[in-house]
Amino acid sequence: MKTGIMGGTFNPIHNGHLILAGHVMEEFGLDEIWFMPNGNPPHKQPEKTGAGMEDRLEMVKLAISGKPHFSLQPYEVEKETVSYSYETMEYFKDAFPEREFFYIVGADSLFQMETWRHPDRFLHSCSIIAAKRDLSETDAAMEAQIRHLENTYETTILFSHSPVFEVSSSEIREMVEEGKDISRLVPSDVASYISDHRLYREE
């Protein structure tokens with residue numbers, strides 16, 4: 001079974017995440033996508049940006065409700081220690097030997113991946129699907145970096161030509177704080193949850 005892993009703080013999850021997941025599933029013939037919120041990422045502190053762990057989990061659940069090929073994977077959230085991608089993927093590889101894992105990242109991450117903790121172990125534990133997020137990212141630059149990583153680490157990296165979603169989670173948080181309409185940017189249930197729980201607002 002081909003399983004895609006989409007990690008992130010999902011603070012909040014938005015339509016771009018869902019569009020990307022659906023596109024990647026179809027483009028590469030994946031059977032399912034696991035949405036995996038970060039619990040204790042080494043590079044971000046999500047609790048300081050307006051939505052706690054439980055809120056982020058609930059928004060992911062609402063966003064993927066009714067989509068049978070999408071599921072919530074709470075592994076990193078349930079860990080009490082800092083989550084490193086190589087540890088997570090090595091755990092999944094051992095725990096689910098019947099699955100072939102594809103870790104979905106923004107194409108910009110390809111240029112930082114060698115700074116991650118144990119990139120060699122991470123890149124041996126799964127295949128990578130790199131999705132272009134920014135129109136300024138050229139295919140030539142991405143393809144050169146893919147060749148470098150594949151040759152250096154003997155891994156497989158696939159380049160997705162997915163639709164570009166121009167709005168980020170941080171911009172959505174700013175829009176909510178400014179009282180702007182986000183109904184076209186997030187699933188309706190997520191928009192209602194943000195409003196009902198007064199997330200991302202200065203009290």
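Before moving on, here are some points about what is shown:
- Only helices enter the 222 nm calculation for the chain: every DSSP H run of n ≥ 4 contributes -39,500 (n - 2.57), and dividing by all residues gives -12000 deg cm²/dmol, rounded to 500.
- Each of Asp196, Asp189 was scored by other Cβ atoms within 10 Å of its Cβ. Listed from fewest to most, they are Asp196, Asp189.
- Net lengthening on full extension, Asp181/Thr115 (0.36 nm per residue, minus Cα-Cα): 20.0 nm
- A full extension of the chain between Ile19 and Ala140 corresponds to an added length of 41.2 nm, given 0.36 nm per residue minus the alpha carbon distance.
- Gain in span if fully extended, His124 to Arg201, counting 0.36 nm per residue against the direct Cα distance: 23.5 nm
- Global geometry of region 1-117, whether rounded, prolate or oblate, following the gyration tensor of its Cα atoms and the 1.5 cut on a/c: rounded
- The amide H of Thr9, built 1.01 Å from its N in the peptide plane, has Asn38 as neighbours under 5 Å, considering only residues 5 or more places off or on other chains.
- Ranked packing of 76-82, 6-12, most packed first, by mean Cβ within 10 Å: 6-12, 76-82
- Phi to ³J(HN,Hα) by Karplus 6.51 cos²θ - 1.76 cosθ + 1.60 over region 102-111, Hz, x for Gly, Pro: 10, 8, 9, 9, x, 4, 4, 5, 4, 7
- Taking amide hydrogens as placed 1.01 Å from N in the peptide plane, the amide H of Ala131 sits under 5 Å from those of Val105, Gly106, Ala107, Ser160, each at least 5 positions away in sequence or on another chain.
- Remark: the chain carries a charge dipole of roughly 80 debye about the Cα centre, counting +1 on each Lys and Arg Cβ and -1 on each Asp and Glu Cβ.
- Hydrodynamic radius (Kirkwood) for the chain, which is based on Cα pairs only, to one decimal in Å: 17.5
- Between region 127-203 and region 48-100, the Cα center-to-center distance that results, in Å: 17
Where a number appears in this text, it was derived from the coordinates with a stated rule and is not lab data. Not measured: the values here are computed from a predicted model. Positions of Cβ are backbone-derived with ideal geometry, glycine not excepted, and every protein chain shown enters the neighbour counts.
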